[in-house]
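Okay, structure first, notes after.
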Amino acid sequence: MEVTLRTCQSVPFYACGGFDPSVCAHGFSTRLGGVSRGVFAALNLGLHRGDSTENVQENYRRFCAVLGVAPQRCVLARQVHRDDV
């Protein structure tokens, strides 16, 4: 499976080849193309890191717009970096 870097509306993201975007909208974000500042610059998608909720919501809106999906339809995970299962 090929992974390619794409840019839409000044938001770069990675996408996998072989998926029909009308059936399976997907993308892997970078840190570019968002509104967050400082240590969170620019496309911060972390709601619980200290960035303002408004910035994170706008970043999700921008990222979802390039994928053609509504932010409410996103499937998110809460990743924890630990050594236990």
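The values are calculated or read from the model by the stated rules, or taken from the named source; none is laboratory data. Predicted, not measured: the structure shown is a model, and the values here were computed from it. All Cβ positions, even for glycine, are placed from backbone atoms using ideal geometry, and neighbour counts span all protein chains on display. Areas reflect the complete protein model, heavy atoms only, side chains present, ligands, DNA and RNA absent. Shrake-Rupley method; radii C 1.70, N 1.55, O 1.52, S 1.80 Å.
One equal scatterer on each Cα of the chain, no solvent, Debye formula: the resulting log10 I(q)/I(0) at q = 0.13, 0.17, 0.20 Å⁻¹ is -0.46, -0.75, -0.97.
Our summary gives the chain a relative contact order of 20 percent, counting only alpha carbon pairs under 8 angstrom and 6 or more residues apart. Potential lengthening of the chain between ARG6 and SER52 amounts to 13.8 nm, from the contour at 0.36 nm per residue minus the alpha-carbon distance. With the simple spin-label model, which puts each label point 7 Å out from Cα in the Cβ direction, the CYS74 to CYS16 separation comes to 1.9 nm.
Here the Karplus relation 6.51 cos²θ - 1.76 cosθ + 1.60, evaluated at θ = phi - 60°, turns the backbone of region 59-72 into coupling constants of 5, 4, 4, 5, 5, 5, 4, 6, 8, x, 10, 7, x, 5 Hz, with x for every Gly and Pro.
Of the solvent-accessible surface of region 27-73, computed with a 1.4 Å probe over protein heavy atoms with every protein chain present, carbon and sulfur atoms account for 52 percent. Segment ARG37..ASP83, full-extension length gain: 13.4 nm, with 0.36 nm per residue of separation and the alpha-carbon distance subtracted. Grab the other residues whose beta carbon is less than 15 angstrom from that of GLY27, score K and R as +1, D and E as -1, and report the net. Surrounding charge for GLY27 is +3. Charge tally for CYS16 (other residues, Cβ to Cβ under 14 Å; Lys, Arg +1; Asp, Glu -1): -1.
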